[in-house]
Amino acid sequence: VRASWRAAVVRIACRVSGFFHAHPLDKPRLRLYSLSVNILNNPGSRSANNRIMTGKRRHHASLAVTQAIIRKHGKESRMEQSHNIHGAERDFEVLKSGGFIKQIQRDLFTVRLRCPGGRLTSAQLRKAAEIAERYGKGEVHNSVRQSIEIPYIHHRDFEAVSAELASINWSVASCGPRVRVPTACAGCTWNPNGLTDAQALALEVDRRFFGIPTGHHKFKIAFAGCPIDCPKSRAMDLGFQGAVEPGLEEDLCNGCGLCAGTCPENAITMVGSLPVRDRGKCMYEGDCIKVCPTGAMVEARRGWLVRVGGKHGRHPIHSYEVAQFAIDSECLSLIEKTLEWYTLNGQGRERLGATIARQGLRKYMDEVVRPLGLEMIETPEERRKFRAEGNLYLT
């Protein structure tokens, strides 16, 4: 019961702090924001849990009122990401968390724009160029994670830049210990290799989870539409990769062997006149389905391979494959549960992968993946076919 209570408090704190992150803070809101951040940083604290209850009464901000505010303004706040910054003194870490990144040049910042899945409209491209010419040096930068950045923006122009972005319903992205803008390839929208709609799910994840504080460190999510994995789902806190499992209609098969010759993993062999698939090698790319001339090789099921705990940086970590053939709604539930688990179990500024290493993958699987009823990948033998090769520092 106590664990359930703490989880409920953390869910409230995440929503409250995420909402206020995107709004100017008057004094009552600032007090509630501070309470929510305190709970995110100390989720197991009895005093923190008590303070949010007394704080609600003292500031006349009951949970019902807070939820009503979020329902009324949450969508607009996440789209607008208002950044009203007043006064001469500016906290660089606060600015960075809001997408204004200090440069080495005095008083100049790089403004990171919100580009979920790397997709931009022509109107957004024009607006980025206008802002760069009007307030910067006419330059933009395509970041590694698909965002547009405009360098050389003076801090006195922040409000003007934010207003121009808001005029086309665009906003600045976030940095710091919170959910970042998700990255994604084209998926099946126009890429012939795409198996799943990476763009649509990235947009939905951005709408639901962007900017939510974790209380610990950054949280990155990526969607790859096929096993080629261009968005590097292996190196994300949560990574999703498109997958399709083939099936065989034996009556339609003419024994041509094209499927066996096409499979890049050599997972299909011809036994007599029929193809036999080795499940221990199949990477769910679906090439065999595409080349079958008679339609005998069919799609049995389609979904997402789920990876957790990866990161790049000074010491990269490859993620664990934990589930397969998850549908879109299950991916959304997994993200929500993982954020709650990370907030409750993380320590200090460790990434999710470090929390899993300290707590054990089994604990994460039992407390997050299993309750969702996903098709779990539980053993090293099951994960071996998704291996990463190269310099393993063994010599």
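The values are calculated or read from the model by the stated rules, or taken from the named source; none is laboratory data. If you're wondering where the values come from, they're calculated on a predicted model, not measured in any experiment. Neighbour counts are summed over all protein chains in view; Cβ atoms, including those assigned to glycine, are modelled from backbone coordinates with ideal geometry. The area values use the complete protein model at the heavy-atom level, side chains included, leaving out ligands, DNA and RNA. Shrake-Rupley method; radii C 1.70, N 1.55, O 1.52, S 1.80 Å.
Among residues of the stretch 235-282 being among the charged types (D, E, K, R) and open to solvent by less than 50 Å² (accessible area, probe 1.4 Å), the one that is farthest from Ala184 (Cα to Cα) is Glu245.
Would the stretch 316-336 turn up any residue that is more than 30 Å from Glu285 (Cα to Cα), in contact (Cβ under 8 Å) with a residue 40 or more places away in the chain and small (Gly, Ala, Ser)? Within the stretch 316-336, none of the residues are more than 30 Å from Glu285 (Cα to Cα), in contact (Cβ under 8 Å) with a residue 40 or more places away in the chain and small (Gly, Ala, Ser).
Of the residues Glu336, Glu340, Glu330, the single one that is under 25 Å from Arg145 (Cβ atoms), open to solvent by 60 Å² or more (accessible area, probe 1.4 Å) and either among the hydrophobic types (A, V, I, L, M, F, W, C) or in a helix (DSSP H, G or I) (or both) is Glu336.
Per-residue answers, yes or no, for (1) at pLDDT 95 or above; (2) closer than 21 Å to Lys281 by Cβ; (3) within 15 Å of the chain's Cα centre (by Cα):
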| position | (1), (2), (3) |
| --- | --- |
| Cys226 | yes, yes, no |
| Phe240 | yes, no, yes |
| Val244 | yes, yes, no |
| Glu249 | yes, no, no |
| Gly261 | yes, yes, no |
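Within the stretch 158-176, does at least one residue satisfy the condition of being acidic (Asp, Glu), at pLDDT 95 or above and surrounded by fewer than 21 Cβ atoms within 10 Å (Cβ to Cβ)? The answer is yes; a qualifying residue exists. Trp190 meets each of the listed conditions (1) in contact with a Gly (Cβ under 8 Å, 6 or more places away or on another chain); (2) open to solvent by 20 Å² or more (accessible area, probe 1.4 Å) apart from (1).
Scanning the stretch 101-147 for residues that are surrounded by 15 or more Cβ atoms within 10 Å (Cβ to Cβ) and part of a strand (DSSP E or B) yields Ile101, Lys102, Leu108, Phe109, Thr110, Val111, Arg112, Leu113.
When Arg207 is tested against the conditions (1) among the charged types (D, E, K, R); (2) under 22 Å from Ala128 (Cβ atoms); (3) in contact with a strand residue (DSSP E or B) (Cβ under 7 Å, 6 or more places away or on another chain), the lone failure is (3). In the set (1) under 19 Å from Gly194 (Cα atoms); (2) in a strand (DSSP E or B); (3) free of Cβ contacts under 8 Å to residues at least 60 places away in the same chain, the condition left unmet by Thr269 is number (1). When each of Pro316, Pro293 is tested for being more than 17 Å from the chain's Cα centre (by Cα), within 25 Å of Ala202 (Cα to Cα) and not charged (D, E, K, R), the lone residue that passes is Pro316.
Candidates Tyr135, Tyr152: the one that is touching an Asp or Glu at 6+ places or on another chain (Cβ under 6 Å) and at pLDDT 95 or above is Tyr135.
Only one of (1) within 23 Å of His312 (Cα to Cα); (2) at pLDDT 95 or above; (3) touching a Gly at 6+ places or on another chain (Cβ under 7 Å) is not met by Lys96, so which one is it? For Lys96, the exception is condition (2).
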